[in-house]
Amino acid sequence: MADKTMTAEEAVSRLESGMTLGIGGWGARRKPMALVRALLRSPVTDLTVVSYGGPDVGMLAAAGRIRRLVAAFVTLDSIPLEPHYRAARESGSLELTEIDEAMFLWGLRAAAHRLPFLPVRAGLGSDVMRINPGLRTVTSPYDDGETFVAMPALRLDAALVHVNRADRLGNGQYLGPDPYFDDLFCAAADAAYVSCERIVDTAELTKEAPPQSLLITRQVVTGVVEAPGGAHFTSCAPDYGRDEEFQRRYASMPWPRFAERYLAGDERAYRAAAEEDA
């Protein structure tokens, strides 16, 4: 079985402009920020980003890397609306496909199962259908004759996710209270890159937590990146919480100034700058 370990830069070097990129996590929780920062240091642009959005979306939007966004929300949790995303929407610099959270989930499930769509009740009777005129409905072929939204598959060229632990083969483990939908992001993608707080031996994965914490299986993983603090400044429970002070700084600082201070160098420079300003 192959050793899939690589650096963040090696993972990002496999991405191309124009791709559809899924980013795991939820809001400002367990986002693969080290991979996002590596992406921002690359020339990759013109992306379709699929995300339960947080600062991943805000940073990529502020840097002009997103052509189209598919999202149910973009939030920093303790700051309800991600400010750089808001600025991008107000300026019209990106195209938005806004859908219900449950529709988003079933779009990932359809892609993971290689189905063209899945029928869902979510979205019926709401403005989701009005603001997304490309969506279609289907009628049950059975006696009930019920109408559903035909949620199209959210197929991804690549996915980026962050977990607490992983082995070199690509098995990923979460130790926090919520798996979010990182497993579906990986299964819905042609290539999945998993960053983790720590790479451990495979046998160690079930010593620290029960088997059901093994969220991601190696069959759907292309590369594994060891990135301690790789979700910063979002949370990665139980390893660390969200860095609220840094998040407030990010939300209030003009983007060019933030990028110059924190994103001009490599990941080590980012961590040094963040620690210096703490």
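The values are calculated or read from the model by the stated rules, or taken from the named source; none is laboratory data. Quick caveat, the model's predicted, so the values are computed rather than measured. Neighbour counts are summed over all protein chains in view; Cβ atoms, including those assigned to glycine, are modelled from backbone coordinates with ideal geometry.
Is it the case that Ser195 is within 26 Å of His84 (Cβ to Cβ), polar (S, T, N, Q) and out of contact with any Pro (no Cβ under 8 Å at 6 or more places or on another chain)? Taking the combined requirement at face value, the residue does not satisfy it.
Restricting attention to segment 35-55, and to residues there that are under 12 Å from the mean Cα position of the chain (by Cα) and either in contact (Cβ under 8 Å) with a residue 40 or more places away in the chain or outside the structural domain of Arg89 (by TED's automatic domain parsing) (or both), which single residue is nearest to Phe258 (Cα to Cα)? Only one residue tops the list, namely Pro55.
Run Tyr193 past the list (1) in contact (Cβ under 8 Å) with a residue 40 or more places away in the chain; (2) farther than 19 Å from Gly24 by Cβ and report the number of the one that doesn't hold. Condition (2) is where Tyr193 drops out.
Looking only at residues of segment 71-93 that are part of a loop (DSSP other than H, G, I, E, B) and hydroxyl-bearing (Ser, Thr, Tyr), we find that the one that is nearest to Gly22 (Cα to Cα) is Thr75. Would you check which residues across segment 86-108 are under 15 Å from the mean Cα position of the chain (by Cα) and either surrounded by fewer than 21 Cβ atoms within 10 Å (Cβ to Cβ) or farther than 21 Å from Val149 by Cβ (or both) and list them? Scanning segment 86-108 gives Glu101, Leu105. If you take the residues of segment 127-173 that are of a type in the set (Gly, Ala, Ser) and part of a loop (DSSP other than H, G, I, E, B), which of them is nearest to Tyr240 (Cα to Cα)? Taking the candidates together, the pick is Gly170.
Taking the criterion of being of a type in the set (A, V, I, L, M), surrounded by fewer than 24 Cβ atoms within 10 Å (Cβ to Cβ) and assigned to a loop (DSSP other than H, G, I, E, B), the residues of segment 7-43 that qualify are Leu15, Met19. Do we have any residue at all in segment 95-113 that's free of Cβ contacts under 8 Å to residues at least 40 places away in the same chain, assigned to a loop (DSSP other than H, G, I, E, B) and touching a Lys or Arg at 6+ places or on another chain (Cβ under 9 Å)? For segment 95-113, residues free of Cβ contacts under 8 Å to residues at least 40 places away in the same chain, assigned to a loop (DSSP other than H, G, I, E, B) and touching a Lys or Arg at 6+ places or on another chain (Cβ under 9 Å): absent.
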